[in-house]
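To keep things clear, I will list the structure first and then write my remarks on it.
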């Protein structure tokens, strides 16, 4: 199995996949690209419809035996299921359902909110500093019209107050959910350590600085964040950072649900 | 008496996914019809099963499962019968990618159109006070917003146009994918096909300009092949409204 991983700074989906790779012990060639400058869309990164139209927005791309793969949770499942044991996902069907359902709710509710707040705080100014020609060149190869629109909205600073408020509420709700889940004293969200811990951590870690109020009094969540960060796989992923604060590096993520 | 009970509406979209998956596996299950148009899914009896008030839900012994796509994976893994997931982890990745793409990108656009032309008008004739009370009972805030838009027909022109664009684009993507392989996302009939059929079965009726024998021959052949499966026949026979009878458009002439 020949693996090449094109990843951004260890935050959000890139962090999930890097840590999943190290947890599962596969060998992969790592290529660091700047997702915040649209490098995923350049010719030197292999792509296909699943990369162009990924729900996740600007996530990492794993090329496995020539096939470019996107969507961090499903890549993590692939890495788990092609390992000799099942290190980061339960094999029991009900426990697997719990993990997939948990991850789905993170992808649908938390990821769009975190990405919205993250790009507002950390990407908008960087993009507005680009001149028109440079920005046009950045977005020209993007095949998904709606992803392209998200890039343009971020550069224009077109953030909707209602969406900002809703995103903040979703981060708070996610922390509450984690806090409740840990209330029986467990170390990991679903009992054994799993992709659910990685995916939840990857989207929430950068929210501590941006939305500190959401974490007020959430002592179990604080302990869990520390435990995830201390895992060898996560600290190895974080050691690949090219910036001092990778949790502040955000590229356009999943869109906020159009139904409201 | 089976220890599996499925709480579902019509064989359509999310409800139809586990219905068809259970039928394909040959799992005997108790069917509990939840009338979406009567807001049964937000009433105490159902909220006792699924507090979020979304359909479908499934009980297996004392386990309660929601989220139709993850539920289908459970059905495939937990019961004997034909495998609806290939063994190759990369095929599984591709199937999950397509299911999520359909669940989160394509199906919401289909359903925005469907709700505005079908569900909205069907419920709008009901008593306004009853409708308001029904909306207030919805547990998830995002579902309250969605129902309000559907009931009062307040989808904006821009968002409807965007949904139309996505439907047209998604149809082209499906056609291209199905011209590469016999089935969606892998070389065997899988959960991706079960999922896709549930959002696309009425395409030649609902989008005749975009999906027809000339423009999308692979989609049409794929839909007809699934329609001809005994499990699909049994599933759609469980429908109670005109929504389900639309499937007859797939009868070969």
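The values are calculated or read from the model by the stated rules, or taken from the named source; none is laboratory data. Note that the coordinates shown come from a computational prediction; the quantities given were computed from them, not determined experimentally. Please note: Cβ atoms are built from the backbone with ideal geometry, for glycine as well, and neighbour counts cover all protein chains shown.
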Taking the stretch A:63-98, which residues are assigned to a helix (DSSP H, G or I), more than 9 Å from chain B (Cβ to nearest Cβ) and crowded, with 19+ Cβ neighbours inside 10 Å? A:72, A:76
Residue among A:258, A:227 that alone is in a helix (DSSP H, G or I) and either within 14 Å of another protein chain (Cβ to nearest Cβ) or surrounded by fewer than 18 Cβ atoms within 10 Å (Cβ to Cβ) (or both): A:227
Within 11 Å of another protein chain (Cβ to nearest Cβ) and over 15 Å from the mean Cα position of the chain (by Cα): does that describe residue A:105? no
Would you say residue B:171 is crowded, with 18+ Cβ neighbours inside 10 Å, over 20 Å from residue B:36 (Cβ atoms) and more than 13 Å from every other protein chain (Cβ to nearest Cβ)? yes
Return only the number of the condition from (1) within 10 Å of another protein chain (Cβ to nearest Cβ); (2) surrounded by fewer than 22 Cβ atoms within 10 Å (Cβ to Cβ) that residue A:54 does not satisfy. (2)
Here are some residues: B:183, B:97. Which one is more than 30 Å from residue B:47 (Cβ to Cβ), modelled with pLDDT of 95 or more and more than 10 Å from every other protein chain (Cβ to nearest Cβ)? B:183
Residue B:103 - would you say it is surrounded by fewer than 21 Cβ atoms within 10 Å (Cβ to Cβ) and either without any contact (Cβ under 8 Å) to a residue 24 or more places away in the chain or closer than 29 Å to residue B:38 by Cα (or both)? no
Here's a check for you: in the stretch B:104-141, which residue that is away from chain A (no Cβ under 14 Å) and modelled with pLDDT under 85 is nearest to residue B:42 (Cα to Cα)? B:123
Of everything in the stretch B:206-216, what is surrounded by 14 or more Cβ atoms within 10 Å (Cβ to Cβ) and farther than 23 Å from residue B:118 by Cβ? Give them in sequence order. B:215
Residue check, residue A:132 against (1) more than 20 Å from the chain's Cα centre (by Cα); (2) closer than 25 Å to residue A:16 by Cβ, all met but one. Which one? (2)
Inspect the stretch B:23-39 for any residue being part of a helix (DSSP H, G or I), surrounded by fewer than 17 Cβ atoms within 10 Å (Cβ to Cβ) and out of contact with any strand residue (DSSP E or B) (no Cβ under 7 Å at 6 or more places or on another chain) and give the result as yes or no. yes
When the residues of the stretch A:193-221 are narrowed to those that are free of Cβ contacts under 8 Å to residues at least 60 places away in the same chain and closer than 28 Å to residue A:79 by Cα, which ends up surrounded by the most Cβ atoms within 10 Å (Cβ to Cβ)? A:197
Of all the helices (runs of 4 or more DSSP H) wholly in the stretch B:106-168, which have at least 2 residues that are over 17 Å from the mean Cα position of the chain (by Cα) and within 25 Å of residue A:173 (Cβ to Cβ)? B:128-136, B:141-152
Does residue B:19 satisfy the condition of being part of a strand (DSSP E or B), under 17 Å from residue B:235 (Cα atoms) and in contact with a helix residue (DSSP H, G or I) (Cβ under 8 Å, 6 or more places away or on another chain)? no
Looking for something touching a helix residue (DSSP H, G or I) at 6+ places or on another chain (Cβ under 7 Å), touching a residue at least 12 places away in the same chain (Cβ under 8 Å), assigned to a helix (DSSP H, G or I) and within 23 Å of residue B:166 (Cβ to Cβ) - is there at least one such residue anywhere in the stretch A:176-192? no
